[in-house]
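Peer 1: Input: one structure, supplied below.
Values in this text are rule-based calculations from the coordinates and carry no lab data. Computed from a predicted model, the values in this text were never measured in an experiment. Here Cβ is always computed from backbone atoms with ideal geometry, including for glycine, and neighbour counts include all displayed protein chains.
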């Protein structure tokens with residue numbers, strides 16, 4: 001039982017649940033509504049297999065990250081360590097390869113190879129990026145943050161491109177394609193920017209261990225104050241985009257979604273902005289990181305409204 005709990009902690013079960021929830025909401029609240037009556041047989045089965053593939057690849061990424069982060073985690077979060085304390089390093093690397101391989105096999109099963117070969121290659125690239133992120137990118141200035149943010153956005157985009165051909169995505173001839181394209185990239189953009197914000201806040205939280213083992217993250221290279229300005233700029237960009245979206249949505253008289261977005265997405269982002277420049281301690285940065293994660297959750301949950309309003 002203890003090993004099971006340690007394994008679930010190592011693969012970040014709540015984060016995997018969040019990935020699956022994002023894809024499920026995108027499928028059932030947006031895709032199914034836009035393409036009602038035009039879904040091909042077997043589509044739902046392939047979708048569930050693709051969700052499993054995404055979860056397995058992400059889990060493998062968390063495992064390999066813990067594997068290479070043992071020394072840093074001993075400084076930053078010794079009480080949360082699993083690898084080398086509860087699970088042997090050899091088992092961790094074995095689990096990484098098993099989960100990665102399973103994720104790629106499921107990707108091949110879920111997608112028609114001839115039509116969607118580029119998505120299979122993209123998931124292979126995701127596995128490689130997660131490996132290099134753990135070994136090199138996360139220790140480099142900006143690169144690691146951008147990689148993780150792109151992979152976060154890919155959680156939504158892989159579902160979009162699995163449903164729509166590249167030609168349809170580029171041509172955007174039908175109205176349903178246009179709406180699907182706009183919503184896919186709206187949510188992918190939200191995921192990308194909010195992830196950039198959270199990764200930079202986490203860098204400030206983890207400065208002590210990162211500095212000790214030669215990482216060149218933003219707060220180490222630029223300083224904490226410059227990193228706060230970087231985060232603040234992205235917060236302003238995200239809040240501005242969200243306000244513009246609400247103004248656009250108001251013309252349809254979607255009062256409840258607008259109220260939800262203001263209260264549970266925009267105002268919390270404003271709170272993060274307000275608290276950002278007051279934050280000094282690891283605990284304060286950790287709290288801001290949790291607030292950002294909460295905003296990411298409420299942002300993704302807003303997809304539910306499209307089930308009723310599209």
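Peer 1: Tell me whether the chain comes out rounded, prolate or oblate; compute the Cα gyration tensor, take square roots of the eigenvalues as a ≥ b ≥ c, and use a/c under 1.5 as the rounded threshold. Walk me through the intermediate numbers first.
Peer 2: Details: a/c = 2.00, a/b = 1.20, b/c = 1.67.
Oblate shape, in that a/c is at least 1.5 and b/c is the bigger or equal ratio.
Peer 1: Restricting to Cα pairs below 8 Å that are 6+ residues apart, what does the relative contact order work out to for the range 20-154? Please round to a whole percent. Intermediate results must be reported in sequence, preceding the final value.
Peer 2: Details: 102 pairs, mean separation 38.2, N = 135.
Value for the range 20-154: 28 percent.
Peer 1: Here's a follow-up. Under a 10 Å cutoff between Cα atoms, tell me which one of 250, 238, 52 has the largest fluctuation in the Gaussian network model of the chain.
Peer 2: Sorting by GNM fluctuation, first place goes to 250.
Peer 1: Per the helix-only calculation at 222 nm, which mean residue ellipticity applies to the chain, given -39500 (n - 2.57) for every DSSP H run of n ≥ 4 and division by its residues, nearest 500 deg cm²/dmol?
Peer 2: Values: 16 runs with 238 residues, N = 310.
It lands at -25000 deg cm²/dmol.
Peer 1: In percent, how large is the relative contact order of the chain, given Cα pairs closer than 8 Å and 6 or more residues apart? List each step's numbers first, then the result.
Peer 2: Values: 327 pairs, mean separation 67.0, N = 310.
That works out to 22 percent.
Peer 1: Classify the range 3-97 from the C-alpha gyration tensor, please: rounded if a/c falls under 1.5, else prolate or oblate depending on whether a/b exceeds b/c. Present the calculation step by step, with values, prior to reporting the outcome.
Peer 2: On the way: a/c = 3.88, a/b = 2.73, b/c = 1.42.
In terms of gyration-tensor shape, prolate.
Peer 1: So how far, in whole Å, is the C-alpha centre of the range 170-247 from the one of the range 1-66?
Peer 2: Spelled out, the Cα-based centre of one part sits 22 Å from the other.
Peer 1: Sorted by average packing, counted as other Cβ atoms within 10 angstrom per residue and highest first, what order do 211-224, 62-75 take?
Peer 2: 62-75, 211-224
Peer 1: Could I ask something else about it? Could you list 126, 29 so that the one with the fewest beta carbons within 10 Å of its beta carbon is first and the one with the most is last?
Peer 2: Details: 126 26, 29 21.
Taking fewest neighbouring Cβ atoms as first place, the list is 29, 126.
Peer 1: Rounded, prolate or oblate: which fits the range 113-264 when a ≥ b ≥ c are the square roots of the eigenvalues of the alpha-carbon gyration tensor, with rounded for a/c under 1.5 and prolate only if a/b beats b/c?
Peer 2: Numbers: a/c = 3.38, a/b = 1.30, b/c = 2.61.
Cα axes put the range 113-264 in the oblate bin.
Peer 1: How many angstrom lie between the Cα centre of the range 296-310 and the Cα centre of the range 132-164?
Peer 2: Here the two parts' Cα centres lie 23 Å apart.
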